[in-house]
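*Asks:* Take a look at the following structure, please.
Values in this text are rule-based calculations from the coordinates and carry no lab data. None of the values given here were measured: they were computed from a predicted structure. Cβ atoms come from the backbone with ideal geometry, glycine included; neighbour counts cover every protein chain shown.
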Amino acid sequence: MRLAVNYSPAAAGLLRAGQVHFDMFKCPAWSHLIAAAAAISPVYVHFPLRAGAGIGQAVDSEKKGPPDWTQIETLLASTGTPLVNLHLELLPAEHPDIPPDTADLAHVERLTRGLIADVGAVVARFGPERVVVENDHSGGRNLPVAYRPDVICRVVEETGCGFLLDVAHARVAARHLGADVRRYIEALPVRRIREMHIAGVQFFDAGWAARLRRAGDDESMIQFCAGRLMDHLPMTEEDWELAAWALGRVRSGAWACPWAVAFEYGGVGPFYGATTDASVLAEDIPRLAALVPE
């Protein structure tokens, strides 16, 4: 199992200085950033692809349209990235006739079939062994059906793809659903895990908002985050306990072993620039490395 860290200038500086050690950077599908990261360390790519529009195809969430499969295949080959990832997202705007809190079986079935169709198209292109679906959460924009464990299990089972377990997403989703987080995770397709993500979860309070304002971040983004439980923030002790438990389940053989565990604290852009602290990375990367099985 390999340890990856989100690319950030802070993480790059620490790695260059020999203050931290990990196996590779996790990068968005941005060629200039991949080139900068690859000059320092091996890299793998996390793609901005989502399933859930119900159109029988994935959507590029950055371009708001069809994926450029030629570019994706080039990045897969050039970086040695083994998996094509898809976020399971059901956006209310794409399903305007379905109430956000629906429990109607016909609605759930329709949305699930749409997820299966979208994921299935990518599986048909790359093969089930090269595709993983990632559990998401609401974040103020996702229909809860998207992060129900029974729905995620069905998508994985019917398409044959693998599962990317995002532990922070699971913590937020469980809170939205009023579920115990460990029971929630155990109900996910943990025997099909191919990759795992770990990050801190905190309420975005006035202190975080002030930090973003000082960095000149967009006010609309600050207002969107305010009062929400947000991931990609520094780890709390609750996060560490959950990470140790999850990786212990892998070590025991109860769950499948992921090819990589990615630490998703830090990144690039205004939000990540304001929330990334090199001293936190210097402390947390070795702590996580000690938990990741060899």
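*Asks:* Let me know the volume per residue of the alpha-carbon convex hull for the stretch 38-83, in Å³.
*Replies:* It is 85 Å³ per residue.
*Asks:* Now for a different question. Taking N as the number of residues in the stretch 11-57, what value does Rg over Cα atoms divided by 2.2 N^0.38 Å take?
*Replies:* 1.54
*Asks:* Taking the Cα centre of the chain as origin and charging only Cβ (+1 Lys, Arg; -1 Asp, Glu), how large is the dipole, in debye to the nearest 20?
*Replies:* It works out to roughly 380 debye.
*Asks:* Still on this model: Based on the Kirkwood radius over alpha-carbon pairs, what is the Stokes-Einstein translational diffusion coefficient of the stretch 128-206 at 4 °C with 1.567 mPa s viscosity, in µm²/s?
*Replies:* D = 101 µm²/s.
*Asks:* Alpha carbon centre of the stretch 242-294 versus the stretch 154-190: separation in Å?
*Replies:* Cα centroid of the stretch 242-294 versus Cα centroid of the stretch 154-190: 18 Å apart.
*Asks:* Need one number: the % of Cα-Cα pairs in the stretch 1-131 sitting beyond the 26 Å mark.
*Replies:* Of all Cα-Cα pairs in the stretch 1-131, 36 percent lie more than 26 Å apart.
*Asks:* Could you work out [θ]222 nm for the chain from helices alone, using -39500 (n - 2.57) per DSSP H run of at least four and dividing by all its residues? Round to the nearest 500 deg cm²/dmol. Mind dumping the intermediate values first?
*Replies:* Details: 12 runs with 129 residues, N = 294.
The per-residue figure over the chain is -13000 deg cm²/dmol.
*Asks:* Also: What percentages, rounded to whole numbers, describe P(r) for the chain computed over all alpha carbon pairs with 10 Å bin width beginning at zero?
*Replies:* 6, 28, 37, 24, 4, 0
*Asks:* Which of Cys257, Cys27 has the fewest other C-beta atoms within 10 Å, and how do the rest follow up to the most? Before the final figure, lay out each step's value.
*Replies:* Values: Cys257 13, Cys27 25.
Ordered from fewest to most neighbouring Cβ atoms within 10 Å, Cys257, Cys27 come out as Cys257, Cys27.
*Asks:* Right, next: Picking from Asn6, Ala179, Thr276, whose Cα lies most toward the positive end of the charge dipole for the chain (charges on Cβ: Lys, Arg +1; Asp, Glu -1)?
*Replies:* Of the listed residues, the answer is Asn6.
*Asks:* Right, something else. How long is the stretch 79-211 along each principal axis, judged by its Cα atoms, biggest number first, in Å?
*Replies:* If we take the Cα atoms of the stretch 79-211, the spans are 46, 40, 27 Å.
*Asks:* With an 8 Å Cα cut-off and a minimum separation of 6 or more residues, compute the relative contact order for the chain in percent.
*Replies:* That works out to 20 percent.
*Asks:* How large is the dipole of the stretch 111-257 about the Cα centre if only Lys and Arg carry +1 and Asp and Glu carry -1, each at its Cβ, rounded to the nearest 20 debye?
*Replies:* Here the stretch 111-257 has a charge dipole of around 240 debye.
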